[in-house]
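Contents: one structure, followed by commentary.
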Amino acid sequence: MSDRSFEATSATRNETLARYKSRLTVKSEAIYRACPAEVSSHLLFERSALIDGVLRDVWAEMEIPDTLALAAVGGYGRGELWPHSDIDILLLLPEAPDGATAEKLEGFIRLLWDIGLKVGQSVRTVEDCLSEAAGDLTIRTSLVEARFLVGNRALFGDFESKFSARVDPQGFYTDKKLEQYERYLRYQESPYSLEPNCKESPGGLRDLQMILWIAKAAGFGHSWEEMLRHGFITPSEKESIEQGENFLRRVRILLHLHTKRNEDRLLFDYQEALAHELGFEATEVKRASELMMREYYLTAKRVVQFNTILLQNLGTAIFPARECEPVPIDENFQNTYQLLDIVHENVFNANPNAIFRTFELMQEHSELKGLTSRTIRALWRAHTLIDDAFRADPENKARFIGIFKRDRCVLIELRRMNELDILGAYLPKFGAIVGQMQHDLFHAYTVDQHTMQVLRGLRRFSLPEFAHEYPFCSRLISEIDAVWLITVAALFHDIAKGRGGGHPELGAVDAREFCESHGLSEEETERVAWLVRNHIVMSGVAQKRDITDPDVISDFASVVGDAWRLTALCLLTIADIRGTGPKVWNGWKGRLLEDLFSETSRFLLLDHKPAPQGILRERQQEARTILRYFAVEENAQDALWDELGTTYFLRHPPDEIAWHARALHDRVDSDAPVVKARTRLHGEGIRVLVYTKDISDLFFRLASFFSRAGYDIVDAKIETTRHGYALDSFLIFDVGGRDGDRNMISYIEHELSDRLLRQAPPDAPAQSRVSRQVKYFPIQPHVSIQPDEKGIYCIVSISAADRPGLLYAISRALAEHGANIHTAKIVTLGERVEDNFLVSGGGLEDSAGRIQLETELLAELSENAAAPRIGA
């Protein structure tokens, strides 16, 4: 080609690119101009029509052979093109392409990319489509929605007829149901995540799309209008589905426009902005984002119900069963193909008391595998029949409380009641927490869904097939009577969230009223109300107090009072923590709760607090036994123990006392620091022992080292020997969740020893970003400094949003104030920390000194605190 010909061709191509780019820009802006105020589903169809026209014109301009066909597939195939979604197309060929055809197609695709279209293309013959679809569900689903655009219509018609003939509606239905099941598992089977995916999460757009895919594959149409004509939905259901679909579409459209990318997750970062764009306005007590998310959750809940009903109806149509007479159960219900069915559509209108009878029968009849779609529909509508007269009816009260007392399907039926709006209608105060968000930086679910997760945890403790998950709880729940009372308490434990005031106290009032009105005995009522009122006490003691201190155990035992309450509270506490979200629970918290339970059980059994000297002798004797096992010379530990006070032996368990003695018995007066580390015997983390001549800012230096090495301190015990040495014991966790703890032991021992020997200044922690949750939902830091009961120490309690270098900043402030740290409990709850330090010195014996330290700590914790600086 001559230079002039090349320049002419290049100029023509550039003109073509400019023309199409301008067309896309101008017309896209016209489509988006009404957004976000008037955003609607029409945007998707208009954008799809725009791209249809561009593709047809490029196809003609590129002179693609008329033997080929171009089709839209996937979401684009059904005429829904999201602002930043890929454009999926099928290039359909009558046979494998020759060189010239392949070159034409490559040029076509290249031009589409060059004008700014994100194309996902497939090049197949009809036989390719059939063979690949047979072995790949994703391809099969995409081709179900194929739509002709341009080219050889006869070829596309041949593909359509052959593909439709090959699609097995029963196999497609089965595969799509399994696919949905796996998708639900990826999202914890819940639409109520605080940051849901509006496309893929349960209750998202995918749930509705799946119904239409199956309907089209089975020949029932591909729109809600056609589903109505085939009798799968009622006119009111069609209207409700379309309202929910339109809301979800608006949310997804705005997400794409707001983020300028293919983003389907409703992250905290976007929720407030989207809420305002959708017209939600903040009230005195709720953010605009909370109101929007409540609407989202209610919509998602409705979508899940329609998905359930329509899947069952489609399944019945696709898998016609042999005629079988229903088996009568009572005057209102029958067994139809192992599903509980109402005998006629108006059962609940005629007899509202049959509402709770539904759930009662599901528990009593193990042969029943679920509800028929018409029973689900009728129940869903029946929640409006639950009024004050219904709630006051003794028959309904007895049936509702009976759900808790039965052995099987307690969680399943309570969850079903919640999904069908029955639970919130019967307990209006529970209805108030349905869809309520929790911006406390550690709950991962709405309040009602968290409650269901707690109930799920309790249920799993009682089932033999889940005994391996938490053997301790499985043993406890098998040894306690009246487990159903714990389930009632779990239902009420967070029912007062969002009202203002202490939710445990307010919830206990609600629980007591419920129990008294439902005929529970005085003892049963008191047990439930006590559990609700105290459901956060045990976790607080375990994670914030020194549970090796007999006084702490004594105080906790006095709150608990008896073995039943202790066991029930332990089970509820563990289920509660595990039900907050996947990042909150860990083995260390489990070990703390188990140890607190064991020590308190022992106290209650003895009925008095053991004398400190008795505990000291017992722990020393156990430690000696362990030392003999390791062949440590008899009495070798005495030189170390003679330098330690009683508090050391009360704070450390025997295995730690023995470990310390093994490491230090011949280095009691060592001039060089001693650092030893080991992995924990029971759970995650590394135990670190530091023994060195004491200096005033030692904790600050150690906190600096661990932070720089990528570890969080979760527990610290600080001892000072009689001859001026520090014996500090730490439990540290890897911030990144890496599995290389054992490999880090040598590094910690060598590097920390070297830094202490050189007295190297503390290093500032590595800089990293503040989490999204903290950024968008900041919490007010709180500092409390109170003298302990003996007047010897002060308890410093700190609650704040977690951020990089937080413990470094706190320990620096304490060191600069001259406060000596004796113990530290570092509790991380998602993105929030609750730290407790036992300190002395620094003028904290008078109120002026305490106020000054509070002020200094609040300055460090404030959102605008200066970047970490090196301590003096």
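When semi-axes √(5λ) of the Cα gyration tensor in Å is calculated directly from the model, which label among (i) 58, 39, 24; (ii) 48, 33, 30; (iii) 50, 30, 24 fits?
Read-out from the structure maps to (i).
To the nearest 10 square angstrom, how much accessible area does Met417 have with a 1.4 angstrom probe?
0 Å²
Convert each backbone phi in region 298-313 into a coupling constant with the Karplus relation 6.51 cos²θ - 1.76 cosθ + 1.60 (shift: θ = phi - 60°), then list the ³J(HN,Hα) values in order as whole Hz, x for Gly and Pro.
Along region 298-313, the couplings run 5, 5, 4, 4, 5, 5, 4, 5, 5, 4, 5, 5, 6, 4, 5, 5 Hz.
Taking the Cα centre of region 681-724 as the origin, how large is its charge dipole in debye, to the nearest 20, when only Lys and Arg (+1) and Asp and Glu (-1) carry charge on their Cβ atoms?
Values: 6 positive and 6 negative charges, 38 e Å.
My answer is approximately 180 debye.
Can you sort Ser240, Ser517 by 1.4 Å-probe accessible area, starting with the largest? Can you show the working numbers first?
Details: Ser240 25, Ser517 50 Å².
Sorted descending by solvent-accessible area, the residues read Ser517, Ser240.
Could you size up the charge dipole of the chain around its Cα centre, putting +1 on the beta carbon of Lys and Arg and -1 on that of Asp and Glu, and report it in debye to the nearest 20? Intermediate values should be presented prior to the final figure.
Details: 102 positive and 130 negative charges, 197 e Å.
So the magnitude is around 940 debye.
Report, for the chain, the % of DSSP beta bridges that are antiparallel, rounded to 5.
Details: 66 of 75 bridges.
For the chain, the DSSP antiparallel bridge percentage is about 90.
In what order, largest first, do Asp546, Asp86 sit by accessible area if the probe radius is 1.4 Å?
Numbers: Asp546 30, Asp86 80 Å².
Solvent-accessible surface, decreasing: Asp86, Asp546.
Protein chains only, probe 1.4 Å: how do Tyr711, Tyr187 rank by accessible area, largest first? Could the numbers behind the result be given before it?
Values: Tyr711 5, Tyr187 60 Å².
Descending accessible area places them as Tyr187, Tyr711.
Rg and Dmax of region 185-316, using alpha carbons, in Å: what are they?
Both quantities, over Cα of region 185-316: 15.6, 51 Å.
Starting with the highest mean, order 474-486, 324-336 by the number of other Cβ atoms within 10 Å, averaged over the residues of each peptide.
On the way: 474-486: 17.0, 324-336: 14.3.
Most protected by this proxy first, the peptides run 474-486, 324-336.
Which of Gly171, Phe430, Pro504 sits closest to the plus end of the dipole of the chain, meaning its Cα is farthest towards the positive end, when Lys and Arg get +1 and Asp and Glu get -1 on the C-beta?
Farthest along the dipole direction, towards plus: Gly171.
In whole percent, and with a 1.4 Å probe on the protein chains, what portion of the accessible area of region 280-396 is carbon and sulfur?
Numbers: 2830 of 5460 Å².
The C+S portion of the solvent-accessible surface of region 280-396 is 52 percent.
Quote the charge dipole size of region 259-369 about the Cα centre in Debye, to the nearest 20; the model charges only the Cβ of Lys and Arg (+1) and of Asp and Glu (-1). Don't skip to the answer; put the middle values down first.
Numbers: 11 positive and 18 negative charges, 84 e Å.
I would put it at about 400 debye.
Would you tell me the accessible area of Asp666, worked out with a 1.4 angstrom probe on the heavy atoms of the protein chains, in Å² to the nearest 10?
110 Å²
Just subtract the alpha-carbon distance of Glu345 and Ile615 from 0.36 nm times their residue separation and send over the number in nm, one decimal. Before the final figure, lay out the partial values.
Values: separation 270, 0.36 × 270 = 97.20 nm, distance 6.96 nm.
90.2 nm is the gain from fully extending Glu345 to Ile615.
Would you work out which of Trp585, Ser696, Thr567 lies farthest towards the positive end of the dipole of the chain, given +1 charges on the beta-carbon of Lys and Arg and -1 on that of Asp and Glu, about the Cα centre?
Projecting each Cα onto the dipole axis, the largest value belongs to Trp585.
Can you send over the solvent-accessible area of Val735, 1.4 Å probe, protein chains only, in Å² to the nearest 10?
For Val735, solvent-accessible area is about 90 Å².
What lysines could a cross-link reach from Lys177, if we take a straight Cα to Cα line under 27 Å and drop same-chain neighbours fewer than 8 places away?
Hits, sequence-local ones excluded: Lys162, Lys199, Lys216, Lys238, Lys301, Lys369.
Grab the DSSP H runs of the chain that are 4 residues or longer, score each as -39,500 (n - 2.57), total them, divide by all residues and round the 222 nm result to the nearest 500 deg cm²/dmol. Mind dumping the intermediate values first?
Working: 39 runs with 483 residues, N = 872.
Theoretical 222 nm ellipticity from helices: -17500 deg cm²/dmol.
Specify which residue in the list Pro654, Tyr711, Leu627 is farthest towards the positive end of the charge dipole of region 620-746, using unit charges on the beta carbon of Lys, Arg (+1) and Asp, Glu (-1), about the Cα centre.
The residue sitting most towards the positive pole is Tyr711.
So with the 1.4 Å probe, I'd like the accessible area per residue for the chain, rounded to whole Å².
44 Å²
The values are calculated or read from the model by the stated rules, or taken from the named source; none is laboratory data. Note that the structure is a prediction, hence the values are computed from the model and not measured. Ideal geometry is used to build each Cβ from the backbone, glycine not excepted, and the neighbour counts take in all protein chains shown. Please note that ligands, DNA and RNA were not included when accessible areas were found on the heavy atoms of the full protein model with its side chains. Shrake-Rupley method; radii C 1.70, N 1.55, O 1.52, S 1.80 Å.
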